[in-house]
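Written out below as structure tokens is the structure these notes cover.
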Amino acid sequence: MSQPVVLLPGLLCDGALFGHAMETLGDVAHFHVADLTEDDSISGMARRVLAWAPPRFSMLGLSMGGYVAQEIMRQAPGRVTRLALLDTTFKPDTEEGRARRLGLIELAQTGNFKGVTPRLLPMLVHPDHVDDPLIAGTVLAMAERVGKEAFVRQQTAIMGRVDGRADLERITCPTLILCGRQDQLTPLEVHRDMAGLVSGGKLVIVEDCGHLSPLEQPRAVSAVLRYWLAEERT
């Protein structure tokens, strides 16, 4: 039976990030892609999603979407039947990360927004995928659709995220934690920690993959998501 699944994209991403899953898992899921472009705080993004989402739903968040997913678990855990955290973290921003974000915001605000994503691309994907026209083209197209103003709001929200360690320990629904082995932005060690904090959390490592796992290794990720969607719900 098809079930509602809320998809929470990452920074400068939209539903194209999850294109393969939406195309191949329609027999078991009815997907809803959240709009995370209107708010400049993670809590605001979460409230907007909860106002729009079905009463009960499965939820998948990648990177920034994972921060929003964790905030939704703080605000309304009873509405979430299962959770997937992909290429994300529970830790607050580091000083280095904050400085990098401020630099990218400044670059965007000086009229060089098109320079932001090519600069980020080597950090976002596996080295083998940087010159892949389909992967790189999808990333650039998503960034163009999201746009400069939303990019600044999203970076502001990310810089203000909170430490979620204690909140992960309260999660009781079936939880998938998935990471590309070569993820530079939210490395594997962080996901091992998350899997240890969530009761019953299941860690999956995707090989030859960076930060954008559903786009870089779509078949592998969609196969894992099919198993996740078949788990017994709370």
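Return the only residue of 174, 218 being touching a Phe, Trp or Tyr at 6+ places or on another chain (Cβ under 8 Å) and closer than 26 Å to residue 26 by Cβ. Spell out how you get there, then give the answer.
Working: 218 fails: touching a Phe, Trp or Tyr at 6+ places or on another chain (Cβ under 8 Å).
None of the other options fit; the residue is 174.
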Of residues in the stretch 181-234 being closer than 22 Å to residue 23 by Cα and among the hydroxyl-bearing types (Ser, Thr, Tyr), the one surrounded by the most Cβ atoms within 10 Å (Cβ to Cβ): 213
Members of the stretch 1-39 found to be assigned to a loop (DSSP other than H, G, I, E, B), over 14 Å from the mean Cα position of the chain (by Cα) and either free of Cβ contacts under 8 Å to residues at least 40 places away in the same chain or under 22 Å from residue 140 (Cα atoms) (or both), listed by number: 1, 2, 26, 27, 38, 39
Condition met for residue 207 (at pLDDT below 95 and not small (Gly, Ala, Ser)): no
Among residues of the stretch 160-192, those that are in contact with a His (Cβ under 6 Å, 6 or more places away or on another chain), under 15 Å from residue 92 (Cα atoms) and not in a loop (DSSP other than H, G, I, E, B), counted: 0
Residue tally, condition among the hydrophobic types (A, V, I, L, M, F, W, C), over 16 Å from residue 42 (Cβ atoms) and not in a helix (DSSP H, G or I), over the stretch 84-113: 2
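Those residues that are of a type in the set (D, E, K, R) and touching a residue at least 24 places away in the same chain (Cβ under 8 Å), I need them from the stretch 160-199; list them, please. Outline the logic, then answer.
Just the residues of the stretch 160-199 that are of a type in the set (D, E, K, R), to begin with: 161, 163, 165, 167, 169-170, 181, 183, 189, 192-193.
Within the stretch 160-199, 161, 163, 165, 167, 169, 170, 181, 183, 193 qualify.
The values are calculated or read from the model by the stated rules, or taken from the named source; none is laboratory data. All values reported here derive from a predicted model rather than from experimental measurement. As a convention, Cβ positions derive from the backbone with ideal geometry for all residues, glycine included, and neighbour counts pool all protein chains shown.
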